[in-house]
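Let me begin by presenting the structure, written as structure tokens, before commenting on it.
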């Protein structure tokens, strides 16, 4: 099957969050399974676009209301990502370094979608599946069904994957004329709660809707920023498929970023050497359990509570534990986390910023990973931790609920129900007891490294969905 993946992000082309990791991995594994998957993203003026070579495979013009824009389809020459990568260049709108947060984001992503469909029509392409990711491509299912220009695509199955239902791409009726002409009696497919809502439109019009974990599908039926009733109505065509991780990148045996490579046979030694590297660099004691947080310092991740969590835990367990934070985000949280270094010297440290190499070493060297998320549609960090033999401490929400089972329930992690200082610090106390039981701790670390969260397994599930749409 020929499958087009449409997205605002794709690792390593352009990344803001987990959306990029999915779009950068799933098509590769689909192709390894015998499919023909391609990725289409905008051509941002960033490092990846500047440093790679492209063939211009198509050029055209698109109308956005009263405006006329030229566009070109640039194909990356080498297919080095494991799939054909196409980037749509619209210089007036995308010749900028960042993915989001511009005042004209509505115009930018609408033009991207229109240019893509124009390309298919003008080159007479008939793909088997159009796989749309989040609201940035959410108007494609509507346009292929109801816009007069794209009627030859009307029978092309469309699939929507919701990575984060909180962001929906709303815009007002004053921009309705941006869309190519359609029968105005179909406007109900575009609107929700008095505005044009691309994510709601995709939920209505896509042939199938998936979320990035089964539990997240349940959760957004009750908490989806206004889309709850719609999601409940469309539940029969919806399915939760848990994301995977790229086991070629996340491989302790071959990972070039960690301080010491290791396998299941020598993981104790390998993890100890990575931990020793971290403790030496950050002035910590390698004999004590090392807790880490890796990620964005934002409310969704529970990061606003991290300064208090760290302070309470370090005070309760004086001299017994180490905590090392890696992240960036809310300036106030950054400042508080940095300030804690003055009070807990030798037991606490923080790296404010983004450092991919350090993240890999933390997964390899830490004993426990903290994920007190309020919202976590899937979560990848806990899967990386499991792969590297680090025990996750998570709140039961979204994909965390689906991937981590509490050790008290016969599982291999530590879980709590609320994003609260008490719940997290209580879980840290439980982790200390586990760490002190070396035999049990090592057995659990060995077990978690053998859990299969690979994309091979996930790709098979998506292929089954695609085939059901074609039958």
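The values are calculated or read from the model by the stated rules, or taken from the named source; none is laboratory data. Computed from a prediction, not measured in an experiment: that's the story for all the values here. Glycine gets a Cβ as well: all are built from the backbone with ideal geometry, and neighbour counts include every protein chain shown.
See the values below:
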| read-out | value |
| --- | --- |
| Condition met for residue 433 (assigned by TED's automatic domain parsing to the domain that holds residue 318 and surrounded by 22 or more Cβ atoms within 10 Å (Cβ to Cβ)) | no |
| Residue match in segment 139-148 (condition: farther than 28 Å from residue 212 by Cα, in contact with a strand residue (DSSP E or B) (Cβ under 7 Å, 6 or more places away or on another chain) and outside any loop (DSSP other than H, G, I, E, B)) | yes |
| Scope segment 334-356; condition more than 23 Å from residue 319 (Cα to Cα) and assigned to a loop (DSSP other than H, G, I, E, B); matching residues | 353, 354, 355 |
| Test: residue in segment 418-425 that is assigned by TED's automatic domain parsing to the domain that holds residue 309, assigned to a helix (DSSP H, G or I), over 17 Å from residue 384 (Cβ atoms) and touching a strand residue (DSSP E or B) at 6+ places or on another chain (Cβ under 8 Å) | yes |
| Residue in segment 167-184 that is surrounded by the fewest Cβ atoms within 10 Å (Cβ to Cβ), counting only those that are within 16 Å of residue 144 (Cα to Cα) and at pLDDT 95 or above | 181 |
| Total residues in segment 308-333, condition part of a loop (DSSP other than H, G, I, E, B) and free of Cβ contacts under 8 Å to residues at least 60 places away in the same chain | 3 |
| Test: residue 392 is buried (at least 19 other Cβ atoms within 10 Å of the Cβ) and without any contact (Cβ under 8 Å) to a residue 40 or more places away in the chain | yes |
| Segment 218-234, subset touching a helix residue (DSSP H, G or I) at 6+ places or on another chain (Cβ under 8 Å) and within 24 Å of residue 462 (Cβ to Cβ), residue surrounded by the most Cβ atoms within 10 Å (Cβ to Cβ) | 220 |
| All positions within segment 272-291 that are in a helix (DSSP H, G or I) and either outside the structural domain of residue 362 (by TED's automatic domain parsing) or touching a helix residue (DSSP H, G or I) at 6+ places or on another chain (Cβ under 6 Å) (or both) | 274, 275, 278 |
| Tally of residues being in a helix (DSSP H, G or I) and either within 17 Å of residue 392 (Cα to Cα) or touching a strand residue (DSSP E or B) at 6+ places or on another chain (Cβ under 8 Å) (or both) across segment 292-303 | 2 |
| Number of the condition not met by residue 164 [criteria: (1) modelled with pLDDT under 95; (2) in contact with a strand residue (DSSP E or B) (Cβ under 8 Å, 6 or more places away or on another chain); (3) under 29 Å from residue 1 (Cα atoms)] | (2) |
| Members of segment 75-95 found to be touching a residue at least 24 places away in the same chain (Cβ under 8 Å) and outside any strand (DSSP E or B), listed by number | 77, 78, 81, 82, 83, 90, 93, 94, 95 |
| Segment 319-347: number of residues that are over 21 Å from residue 381 (Cα atoms) and either over 23 Å from the mean Cα position of the chain (by Cα) or modelled with pLDDT under 95 (or both) | 16 |
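Yes/no per residue for (1) in a helix (DSSP H, G or I); (2) touching a helix residue (DSSP H, G or I) at 6+ places or on another chain (Cβ under 6 Å):
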position: 49; (1), (2): yes, no
position: 57; (1), (2): no, no
position: 73; (1), (2): no, yes
position: 97; (1), (2): no, no
position: 100; (1), (2): no, no
position: 103; (1), (2): no, no
position: 107; (1), (2): yes, no
position: 113; (1), (2): yes, yes
